[in-house]
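Chemist: Encoded as structure tokens, here's the structure I'll be asking about.
The values are calculated or read from the model by the stated rules, or taken from the named source; none is laboratory data. What you are looking at is a predicted structure, and each value in this text was computed from that prediction instead of being measured. All Cβ positions, glycine included, derive from the backbone under ideal geometry; neighbour counts span all protein chains shown.
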Amino acid sequence: MATTVISAVFAVMTVALAAVGYRQAERARRSAREELSRRRIEQELRLSEFSRPLKPGESIPPSELAAAHNIRVHMQVEVKVTRPARSRSAIGLAEFAASVLPASDRDRYAEEFRAELQDLAQSGAGHPRQLLYGLRQIRGILQMRYALRSPRRKSATP
Amino acid sequence: MSRKKPSGPRMTIPTQLVLRTLLAEPTKEMYGLEICAGAGLPSGTIHPILARLEGLGWLESRWEDIKPEDEGRPRRRYYQLTTDGAESARTALAQATTQLPAILGGTLRPALRPAGGTA
């Protein structure tokens, strides 16, 4: 009885902590996105200064070219920094799930799961959502292994 | 007396949702997360269903036509109903003993509602 109560309390606390962590991460991501879009607008305005039409035979002054190049590089670096990264733990979970599958299907599903994690990350999903994805793959993997080994299976291309 | 084995998959609620999502646009190729979003199912649920349907020949799949090294991301796997699969899916959905609207209380998106349903 006492063990059940302790387990329940522990479970509630874990869920509450995860929820708080998720909300904080979400808030941080939102403010980073807002900051990025503000900076992008500023940089695009600065870039537009270089978009005046050139006269025939006129070349772009090296100083302007260098400045435009610097801004472009700066923008690329910022985009890379603020893009949510793929969670390594989630990739590990997804790859573990794929390793349970029959050998002929393992590589295919490992790549498919990695692609979906990449899509999740690009859509702004943070670490917890990616971990959840990995855990869900593990939860359904025995069912999938059964489906892949079924004698009724005809010709799925690996 | 022997009972005849069904030739299609078990028409569970998730299977029906996946089939209805694919049948909403039978010629469109969709990847896993797209199907999840369309069917409103978590990602771990749909891969076993897709594997089963693909094994039965109802679905076909192919890799996205990109070079992962150039794009900096892994290739997606696209799924599409075969012509026979679409036909079989329609028949199986019509014959499904578990009707979606009754269970989900008419909360299905219009695209996933069965034709002539009351949802």
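Chemist: Does A:ARG108 satisfy being facing chain B (nearest Cβ under 8 Å) and either of a type in the set (A, V, I, L, M, F, W, C) or more than 15 Å from B:THR45 (Cα to Cα) (or both)?
Modeler: Yes; evaluated as a whole, the condition is true for this residue.
Chemist: Then there's this: Of everything in the range A:123-143 that's more than 8 Å from chain B (Cβ to nearest Cβ) and of a type in the set (S, T, N, Q), which residue is nearest to A:ALA25 (Cα to Cα)?
Modeler: A:GLN130
Chemist: Something else about it: Can you tell me how many residues in the range B:39-56 are within 7 Å of chain A (Cβ to nearest Cβ) and touching a residue at least 12 places away in the same chain (Cβ under 8 Å)?
Modeler: Going through the range B:39-56 one residue at a time, the tally reaches 5.
Chemist: Quick one: count up the residues across the range B:18-44 that are surrounded by fewer than 20 Cβ atoms within 10 Å (Cβ to Cβ) and β-branched (Val, Ile, Thr).
Modeler: Final tally of qualifying residues: 1.
Chemist: Does B:GLY85 satisfy being in a helix (DSSP H, G or I), modelled with pLDDT under 90 and buried (at least 21 other Cβ atoms within 10 Å of the Cβ)?
Modeler: So B:GLY85 does not fit the description; no.
Chemist: Out of A:ALA94, A:ALA147, I need the residue that is at pLDDT below 90 and either of a type in the set (Gly, Ala, Ser) or farther than 17 Å from B:GLU54 by Cα (or both). Which one?
Modeler: A:ALA147
Chemist: Considering only the range A:97-124, state which residues are part of a loop (DSSP other than H, G, I, E, B) and touching a Phe, Trp or Tyr at 6+ places or on another chain (Cβ under 8 Å). Break it down into steps so the answer makes sense when it comes.
Modeler: Applying the first criterion (part of a loop (DSSP other than H, G, I, E, B)) to the range A:97-124 yields A:100-102, A:123-124.
A:LEU101 - this is the single residue of the range A:97-124 that is part of a loop (DSSP other than H, G, I, E, B) and touching a Phe, Trp or Tyr at 6+ places or on another chain (Cβ under 8 Å).
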